[in-house]
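Visitor: First the structure, then my questions, so here it is.
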Amino acid sequence: MNSPHPYCAQVLQSLTDKYPWEKPFLQAVNEVFLSIGVIVEKEPIFKHERILERIVEPERIFIFRVPWRDDDGNIHVNTGYRVGFNSALGPYKGGLRFHSSVNLGIFKFLGFEQTLKNALTGLPLGGGKGGSDFNPRNRSDREIENFCQSFMTSLYPHIGPNTDVPAGDIGVGAREIGFLFGQYKRLKNAWEGVLTGKGIDWGGSYLRPEATGFGAAYFAEEMLKTQGDSLDRKTVAVSGFGNVAWGVATKVTQMGGKVVTLSGPDGFVHDPDGIDGEKIDYMLTMRRSNHDRVEDYAQQFNVDFHPAKKPWGVACDVAFPCACENEMDEDDARDLLKNGCRCVVEVANMPATQEAMDVLLESAILYSPGKASNAAGVACSGLEMAQNSSKIRWTREEVDLRLRTIMVDIHETCLRAAAQAGHTGNYFTGANIAGFIKVANAMMDHGNT
Ligand code: 2IT
């Protein structure tokens, strides 16, 4: 890894002194700052205008109490968050995560990543993120509904189609978006495109559920194409088993690849025959069950289950980490390389630890950052917003074509920016530089905001 530019090092140091406990946020900023030194050197105005100090500080943060009642009548209290990170390019845009692991530092990291990712899509989208430490595991539909209504009751005055447009993330899918939307509509007395990931019959876009996974497969295809190759006949390791992993499994299989693993908090399953057809459909059944485990898959299809293990020791050509931040450590990265993996496509947000990233970047394999290869989810959300504001709906084919074009463009943008910075083939440098320049220039255009 290159050493940071002095201005980047200085801002990172102040940030570390100010928020020493926000480790994933500092990790995300560090990764970006290591890439953009060359730009900061070339454009002294960024330092003069204190762009780095401004870009790492969220524009606004809301934290609120979310009380709700379970099926036995007991009251629970969770914490809700919404970080409006940057609105230079458009309304705050980014998902809501319901998971017991979250805290403000996690949402700042996700909001910062989202800001640069959304810039890469080329659509008018700022960056934001939010959610709650609510754990949906084993909760009934009624409890989920009750929680979502309470969450939205506190959040609704702060969001809107031109202000902040949340969507789903881990623990928030079509069902939760439905409950959140219904409550917003009731409180606001307005039917408007305030959330994305809506149902197809009430303002949703075709392909939003599939978009993140499909886009990652399209991005992988572009990466492999640079070496005259494709996903056809590749053995593919996937982590996670939720919406994103489902989209990857579906599209990779369509493109001729064979997905052989899925994982959950309980371990991973290895299905050497390939996860296709009804097995892919079963992923949706697992998600709906709210059990948060993949062992059920192993029982259903009689394949090996490896408790408390991750899938990165399985031999594969391409790996798609689709679970959560820091799910892949240095040993995992070395295992992948040892077993012949030659392409790692990040689909979760920041799935590799700093050490794992260094190992993969030093190797000669193809390796893309989530902010580029998982951008199709939010890009499809941007297309949903466009359809809502023009009160029309595009066909599945139209949306798919636009998404694929966006992913091909992001791929090209990353490679071009990397080459210009003297780091040919480094998708991380390319994505960080291209995203940063767009946001920084807009901030400069807007004056001291
Ligand atoms: O991480 C992500 O890009 C998302 N969870 C999707 C955000 C969105 O607004 O669709």
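The values are calculated or read from the model by the stated rules, or taken from the named source; none is laboratory data. Model, not experiment: these values are computed from the prediction. All Cβ positions, even for glycine, are placed from backbone atoms using ideal geometry, and neighbour counts span all protein chains on display. Ligands, DNA and RNA are excluded from the accessible area calculation, which covers all protein heavy atoms including side chains. Shrake-Rupley method; radii C 1.70, N 1.55, O 1.52, S 1.80 Å.
Visitor: Taking 45 Å as R0, compute the FRET efficiency from the Cβ-Cβ separation of S140 and N302 and round it to 0.05.
Guide: Efficiency for this residue pair is about 0.90.
Visitor: Oh, and also: Determine Rg/Rh for the stretch 372-449; Rg is computed over alpha-carbon atoms and Rh is the Kirkwood hydrodynamic estimate from the same atoms. Mind showing how you got there, number by number?
Guide: Values: Rg = 15.2 Å, Rh = 14.2 Å.
Using Cα coordinates only, the ratio equals 1.08.
Visitor: How big is the C-alpha Rg of the chain next to the rule-of-thumb value 2.2 N^0.38 Å, as a ratio?
Guide: 0.93
Visitor: May I pose another question? Under a 1.4 angstrom probe, counting protein chains only, how are K279, K108, K188 ranked by accessible area, largest first?
Guide: K188, K279, K108
Visitor: Which percent of the accessible heavy-atom area of the chain goes to carbon and sulfur, probe 1.4 angstrom?
Guide: That share works out to 49 percent.
Visitor: Between rounded, prolate and oblate, where does the stretch 273-399 land on the alpha carbon gyration tensor, with a ≥ b ≥ c its root eigenvalues, rounded for a/c under 1.5, else prolate if a/b exceeds b/c?
Guide: Cα axes put the stretch 273-399 in the oblate bin.
Visitor: Leaving ligands, DNA and RNA out of it, work out the accessible area of D71 with a 1.4 Å probe and give it in Å² to the nearest 10.
Guide: Around 70 Å² of this residue is reachable by solvent.
Visitor: Now for a different question. Would you mind checking the stretch 194-225 for residues with the amide N under 11 Å from a putative spin-label position 7 Å along Cα→C-beta of R396?
Guide: Within reach of a label on R396: 206-207.
Visitor: For the pair F62 and M444, how long in nm is the line joining their label points, each one 7 Å along Cα→Cβ?
Guide: 3.3
Visitor: Rank these by accessible area, largest first, 1.4 Å probe: F46, F62.
Guide: Reading off the accessible areas and sorting them downward yields F62, F46.
Visitor: When you count, for each residue, the other Cβ atoms within 10 Å and take the mean per peptide, how do 90-96, 121-127 rank with the highest first?
Guide: Result, highest mean first: 90-96, 121-127.
Visitor: Further, regarding this structure: Rounded to the nearest 20 debye, what is the charge dipole size of the stretch 1-73 about its Cα centre when +1 sits on each Lys and Arg Cβ and -1 on each Asp and Glu Cβ?
Guide: 240
Visitor: Next question. Counting only residues 5 or more places away or on other chains, whose amide H sits under 5 Å from the amide H of G94 once H atoms are built in the peptide plane?
Guide: HN-HN under 5 Å from G94: G128, V165, A167.
Visitor: Would you list, by chain and number, the aspartates and glutamates whose Cα falls below 19 Å from the Cα of K198, excluding same-chain residues fewer than 8 positions away?
Guide: Once the sequence-local aspartates and glutamates are set aside, what remains near K198 is D141, E145, D164, D169, E176, E210, E384, E397, E398, D400.
Visitor: Moving to a separate point now. Which order do peptides 24-31, 48-55 fall in by mean Cβ count within 10 Å, highest first? List each step's numbers first, then the result.
Guide: Working: 24-31: 20.4, 48-55: 16.9.
Going from most to least packed, we get 24-31, 48-55.
Visitor: In the neighborhood of G127, defined by Cβ-to-Cβ distances under 14 Å, what is the net charge if each Lys or Arg adds +1 and each Asp or Glu adds -1?
Guide: Values: positive: R54, R60, R82, K93, K108, K117, K129, K371, K438; negative: E57, E59, E113, D164, D169.
Net local charge, G127 excluded: +4.
Visitor: Could you run the Karplus curve 6.51 cos²θ - 1.76 cosθ + 1.60 with θ = phi - 60° over the stretch 146-155 and give me ³J(HN,Hα) per residue in whole Hz, x for Gly and Pro?
Guide: 4, 5, 4, 5, 5, 4, 5, 4, 7, 7
Visitor: Determine the gain in length on full extension of the stretch V38-I200; use 0.36 nm per residue of separation and subtract their C-alpha separation, reporting nm with one decimal.
Guide: Extending this stretch completely gives an extra 53.9 nm.
Visitor: Hey, what do the phi angles of the stretch 341-356 turn into as Karplus ³J(HN,Hα) couplings, whole Hz, using 6.51/-1.76/1.60 and θ = phi - 60°, x for Gly and Pro?
Guide: Going residue by residue, I get 5, 10, 7, 10, 10, 6, 10, 5, 8, 6, x, 9, 5, 4, 5, 5 Hz, with x marking Gly and Pro.
Visitor: So with the 1.4 Å probe, I'd like the accessible area per residue for the chain, rounded to whole Å².
Guide: I get 39 Å² per residue for this part.
Visitor: Using every Cα-Cα pair within the stretch 183-316, state what percent have a distance larger than 27 Å.
Guide: More than 27 Å apart: 30 percent of the Cα pairs in the stretch 183-316.
Visitor: Can you spot the aspartates and glutamates whose alpha carbon is less than 16 Å from K23's alpha carbon? Ignore those fewer than 8 places along the same chain.
Guide: E31, E57, E113, E325, E327, D329, E355
Visitor: Let me check the size of the stretch 209-286 from its C-alpha atoms; what are the radius of gyration and Dmax in Å?
Guide: That works out to 12.0, 38 Å for Rg and Dmax.
Visitor: Shifting gears a bit: So what are the stretch 15-138's ellipsoid semi-axes, whole angstrom, largest first, if each one is the square root of 5 times an eigenvalue of the alpha-carbon gyration tensor?
Guide: Square roots of five times the eigenvalues give 32, 15, 12 Å.
Visitor: Follow-up. My understanding is that a pair violates if its Cα-Cα distance is over 31 Å; which of K117/K251; K108/K338; K258/K438; K42/K117 do that in this structure?
Guide: Cα-Cα > 31 Å for K108/K338; K258/K438; rest within.
Visitor: For the stretch 118-198, which chymotrypsin sites (Phe, Trp or Tyr not before Pro) pass both filters: DSSP loop (anything but H, G, I, E, B) and at most 16 other C-beta atoms within 10 Å?
Guide: W191
Visitor: So, one more: Can you pull out the trypsin sites (Lys or Arg not before Pro) in the stretch 361-409 whose DSSP state is coil and whose Cβ has at most 13 other Cβ atoms within 10 Å?
Guide: When the trypsin sites (Lys or Arg not before Pro) of the stretch 361-409 are filtered for loop state and at most 13 Cβ neighbours within 10 Å, K391 remain.
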